[in-house]
Structure formats: structure tokens, C-alpha cells
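S.K.: To start, I am sharing the structure in question, which I have written as C-alpha cells.
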Amino acid sequence: MTAERNGDQLAQIGVVGMAVMGSNLARNFASKGHTVAIYNRSPEKTRSVVEEFGAEGDFLPAETIEDFVASLQRPRKAVIMVQAGAATDAVIAQLVEAMDDGDIIIDGGNSLFTDTIRREREVAAAGRHFVGAGISGGEEGALRGPSIMPGGPVESWETLGPLLEDIAAKVDGTPCVTHIGPDGAGHFVKMVHNGIEYADMQVIGEAYHLLRYAAGLDPAEIADIFTEWNKGDLDSYLIEITAEVLRQVDARTGKPFIDIIVDAAGQKGTGRWTVKEALDLGVPTTAIGEAVFARALSSALAQREAAQATTLPSGKTQTWETLGVDKQSFIEDVRRALYASKLVAYAQGFDEINAGSQEHNWDIKPGDLARIWRGGCIIRAKFLDRITEAYENDPQLPSLLLDPYFKGELDKGLVDSWRRVVVAATQLGLPVPVFASSLSYYDSLRAQRLPAALIQGQRDFFGAHTYRRVDMEGTFHTTWSGEREELSY
Ligand code: ATR
């Protein structure tokens, strides 16, 4: 327990951790007229924030956690922006010790939602409130307006909401923040958001790859195509920066910048978490899964080199010339295949959010999420307005693909283009893991019969796992090794 600083001005909010994200978030609060208490384990970082940015607003620097806590207005509100994992646990323990009942600890890092659930339980047992908040938008977002996904108790949201609304990105005057749900809901949603981001980046990558290595366009030409696409249905931050990256020329060599980057994609883990969780929930997030695996395969450099050195046979592939397609119509087909695959990725991501919400009783409103992702975050896009509308029209929508607007889009020739692109890529021997698997997912979803019937037959044969019949209720088993009688249970 800590007493207030006597006679001093107190801060409305505090930020612990003055690395890039933390200092930018503190500057964002200060720029909105809030007095911000700041603290970092090593005091030099705190001092340099004051030196460099002190003129931007009112900062109350502290060199001990006790001083930091003492400089906060009650109920005290402190956002932790330190490394996820042990560092976050250490800072939570210090804050719990120094704070009083009813004070609010906010974890703004990329924490795993199950850690958030555990932390909330522990912090609540000590009488303090805990809010796990996903914050998206990187450094720039933290400074100028991120998309914020806070979980935790609703009472905390009432106190914290106005402050977070002040610093969040705004789209049409609406702040990109809302209370997502109890305990780990915010970090869960942030996790799936990042998973969707992996898939979105991968489908853009596949489109680029086809335009480059099927249609033979150069990076600058492809940049112009992405700029054009950015004016339509695909209008999004990721398409915009794709054009920037493709237009960039390497200063050292004069080559296209894209050609001097090693083609091995890194990952920090949130995509992997999304897929692991999807497996546990039994939700087929194939697009996110393929995107995570595509990054893993790209980084398996030794294996790729060995495969190239032994020249694994390609089979009889076509060339662009033998394929004989018109370039302009191919470009349009690729745009549509990208759009359709992206739609599948988002539909699957929202399915995972709905399943997680049900599993944990979070009561997440999917339309609200699409709304707060329209600004600040990496997947911000015009497309999200449509997703919000889809869930507003029908909160129980079984799949985004079944929303009348999106179904109408698919009806406008999207599916034909998608098939042509996947066939062409296959004939050319070019990999399109998300385009192709999303099309298979789509065809599976619409299929009248799936080979799952055969799998049930096999399972009953070797393991007496039983099956259900299409023509009567009940559970059945055939005595495969005996008379092949059917037993019912
Ligand atoms: P970013 O990605 O924003 O650059 P990060 O690497 O996620 O930052 O986190 C770095 C921050 O975590 C730093 O503020 C660091 O404090 P120091 O400057 O003292 O290193 C903080 N941090 C890491 N471990 C910590 C711990 N055990 N206790 C307190 N703060 C810690």
C-alpha cells in the first residue's frame, strides 16, 4: 500500500516500461492532455523520455515503483508495457504490492490469453483489478492511435474506457476500442486478430508471387497494380504498404528491394497460438494454419536448399506461354482469388472468436470487433465495415461467407476466377497454399457429401468407434470381423 505524493499534481494514468511501445503510449496519453506517470526498471530510459519528449505534455517520472504508484490518482490505473511472460509477471507482483484495493493494473503487451486469465484471478484475489488489453498498431499506432482490445471486469472498463477512447484511433469519429469481454477475452481477440493478419499477408504474398512468376510482371508494375486494387474492395493498409515495399529500390545495388530480402519469414508466435487454440476448439482455421506453415517452410532454408540441389521433379508443368491466358484477365482473376481467400480467412478467424467466446462465456460481439479494427491496427480495411454490417444484420450468422453481401460478391464471378487461378498456379508449379486450401475449404463447406462418411466407416472397422446412419436415429456398429451384423446402441 502506498500513500499519495503530498501536495503534488497526480497523474490520471501511468505507464510502466519505457521501451518503444511504452514510451509511445505514454506520449499518446500526454498529447491528449492527460498527466502521465512513467516508470522503467532502468531509470535512464525514463529520464531520456522526459528529456526528448517532456515538452509534449505532462509527465511525472518516477525512479521507484512506489513513487510511481504514489503519483497516480485513485483508483490508480497503470498500463504495463514490458516484455510478455516473466517480466510482466514480475511487474504485476510489484504493482499489486504497492497498490490498494480497487486500483487497476492493465497489461498492454501481447500476452497469451490463458496467462491473462490466470493473472486476473491472482490479482483479483489480492483485491486489485486486472485488465488484459490487446493493443494493435505497432509503434506508430501506440503513438498516434492504436486499436485497443481490453478484457477484464466491466467495472474497470467504466473507469478506464474514457481514457482508452482518448488515445485510440478514430474512424468516422468512432474510437477503435471497446470492452471485449471478461478476463482473457481481449488478449484472445488480439491473438486471432494477429492470426488473421498472417493469412491476410500470405494471400497478398501469393497474389504478388503469381503476378511476378506466372505473368512475368516486374515489382514496379505489380506495385502499380496493388495501388489500383487499393481503390476498390481490397482497400486496406496491408495492400497500401505492399505497393510501397514493391516500389522500393535497393540503394546499395539498384535492384528491386524485394529481390535483396532473404525469403524466410519470421514470426513471434501469435499466429502459432491462434492455430493451436483453433485445434483445441476444433475450428478449421485452415487459412491461418497454412499461413503459419508457409512462414515455417520459408524459413526451413537447409531443407529447401537440399530440395533445390536434388532438383525434385516438377512433373509436366506449363509455362506462361503454353498456358495461353490473357494477362489482363489473369490479373483480374488474381485480384478476385485474393479477395475470396481473404474472405475465407476472416470467416474462419471470426468462427474461432465465436467458438472461444462460447467456450469461455465471454459474450463477444463480433460486429464490434470488426468496427474497432477499422483503424489503428495492421488489418485495418474498408472490408471490415461490411463485416460489421454482416454481424449487425445477423448476430447469429453461421459463417461470414453466408452473409448476403459476401455471398453476392462470391456470386459475381469470384469463384470462377478463384478456380482458374488455383488451376493455373498448379499447372505452373507455383505454390499457393492459402488460395488453394481456402478454395478446398469453400468447396467442403458447400458439399452435400464429404468423405467423412468413409472415415467413420474406417473408424468403425478398426476401432469399433461406431457411426450414425442417414436414415434413422441412434448409434451403430457393424461386426466387421464376424457376421457383419449391425448392432445399435
Ligand atoms: P519493445 O518491444 O516496446 O521495444 P520489449 O522488448 O517488449 O519492448 O520490453 C522491453 C521493456 O521491458 C523495457 O522497458 C525493459 O526494462 P529495461 O529497460 O530496464 O530493460 C522491460 N523489462 C524487461 N524485463 C523486465 C523485468 N523483469 N522487470 C521490469 N521491466 C522489465
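Residues checked against (1) on the phi > 0 side of the Ramachandran plot; (2) surrounded by fewer than 24 Cβ atoms within 10 Å (Cβ to Cβ); (3) over 33 Å from the mean Cα position of the chain (by Cα); (4) within 12 Å of the ligand (Cβ to nearest atom):
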position: A11; (1), (2), (3), (4): no, no, no, no
position: K32; (1), (2), (3), (4): no, yes, no, no
position: Y39; (1), (2), (3), (4): no, no, no, yes
position: E44; (1), (2), (3), (4): no, yes, yes, yes
position: S48; (1), (2), (3), (4): no, yes, no, yes
position: A70; (1), (2), (3), (4): no, yes, yes, no
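S.K.: Among the residues of region 244-264, is any under 18 Å from the mean Cα position of the chain (by Cα) and among the hydrophobic types (A, V, I, L, M, F, W, C)?
M.R.: Among the residues of region 244-264, not one is under 18 Å from the mean Cα position of the chain (by Cα) and among the hydrophobic types (A, V, I, L, M, F, W, C), which makes the answer no.
S.K.: Continuing with this model, one more query. Here is a check on your reading of the model: is E66 assigned to a helix (DSSP H, G or I) and closer than 25 Å to P146 by Cα?
M.R.: Here the answer is no, as E66 does not meet what is asked.
S.K.: On the given criteria, is Y237 closer than 23 Å to A294 by Cα, open to solvent by 10 Å² or more (accessible area, probe 1.4 Å) and touching a helix residue (DSSP H, G or I) at 6+ places or on another chain (Cβ under 8 Å)?
M.R.: So Y237 fails the test.
S.K.: Residues G22, G102, G109: which one is within 8 Å of the ligand (Cβ to nearest atom) and part of a loop (DSSP other than H, G, I, E, B)?
M.R.: G109 is the lone residue from the list that is within 8 Å of the ligand (Cβ to nearest atom) and part of a loop (DSSP other than H, G, I, E, B).
S.K.: Still on this structure, I have one more. Scanning region 113-141 for residues that are out of contact with any strand residue (DSSP E or B) (no Cβ under 9 Å at 6 or more places or on another chain) and either open to solvent by 50 Å² or more (accessible area, probe 1.4 Å) or over 29 Å from A278 (Cβ atoms) (or both), which turns out nearest to the ligand (Cβ to nearest atom)?
M.R.: It comes out as E139.
S.K.: What helices (runs of 4 or more DSSP H) completely inside region 243-308 contain at least 3 residues that are open to solvent by less than 60 Å² (accessible area, probe 1.4 Å)?
M.R.: In region 243-308, 270-281, 286-299 are the helices (runs of 4 or more DSSP H) which contain 3 or more residues that are open to solvent by less than 60 Å² (accessible area, probe 1.4 Å).
S.K.: Those residues that are within 23 Å of A169 (Cα to Cα), part of a loop (DSSP other than H, G, I, E, B) and touching a helix residue (DSSP H, G or I) at 6+ places or on another chain (Cβ under 7 Å), I need them from region 35-63; list them, please.
M.R.: Residues satisfying the conditions are G57, D58.
S.K.: So in region 72-86, with the set limited to residues that are crowded, with 18+ Cβ neighbours inside 10 Å and more than 9 Å from the ligand (Cβ to nearest atom), which one is farthest from L112 (Cα to Cα)?
M.R.: L72
S.K.: Restricting the search to region 100-141, which residues are of a type in the set (S, T, Y) and either farther than 20 Å from W157 by Cβ or in contact with an Asp or Glu (Cβ under 7 Å, 6 or more places away or on another chain) (or both)?
M.R.: T114, T116
Table: residues versus (1) under 30 Å from R76 (Cβ atoms); (2) modelled with pLDDT of 95 or more; (3) assigned to a helix (DSSP H, G or I).
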{"residue": "G161", "(1), (2), (3)": "yes, yes, yes"}
{"residue": "Q202", "(1), (2), (3)": "no, yes, yes"}
{"residue": "G205", "(1), (2), (3)": "no, yes, yes"}
{"residue": "K231", "(1), (2), (3)": "no, yes, no"}
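S.K.: Still on this structure, I have one more. If you go through region 340-379 one residue at a time, how many are within 23 Å of T242 (Cβ to Cβ), at pLDDT 95 or above and out of contact with any Ser or Thr (no Cβ under 6 Å at 6 or more places or on another chain)?
M.R.: Of the residues in region 340-379, 6 are within 23 Å of T242 (Cβ to Cβ), at pLDDT 95 or above and out of contact with any Ser or Thr (no Cβ under 6 Å at 6 or more places or on another chain).
S.K.: Exactly one of (1) of a type outside the set (S, T, N, Q); (2) outside the structural domain of I106 (by the TED database); (3) more than 13 Å from L112 (Cα to Cα); (4) open to solvent by less than 30 Å² (accessible area, probe 1.4 Å) is unmet by H209. Its number?
M.R.: (4)
So that you can scan it fast, the table gives a plain yes or no per residue for (1) open to solvent by less than 10 Å² (accessible area, probe 1.4 Å); (2) in contact with a His (Cβ under 7 Å, 6 or more places away or on another chain); (3) not assigned by the TED database to the domain that holds Q318:
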| residue | (1), (2), (3) |
| --- | --- |
| A345 | yes, no, no |
| F350 | yes, no, no |
| E359 | no, no, no |
| R374 | no, no, no |
| E392 | no, no, no |
| S399 | yes, no, no |
| L410 | no, no, no |
| L430 | no, yes, no |
| L439 | no, no, no |
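The values are calculated or read from the model by the stated rules, or taken from the named source; none is laboratory data. These figures come from a predicted structure and were not determined experimentally. Using ideal geometry, Cβ is built from the backbone for each residue, glycine included, and neighbour counts are taken over all protein chains shown. When the accessible area is computed, the model is the full protein with side chains, heavy atoms only, and any ligands, DNA or RNA have been set aside. Shrake-Rupley method; radii C 1.70, N 1.55, O 1.52, S 1.80 Å.
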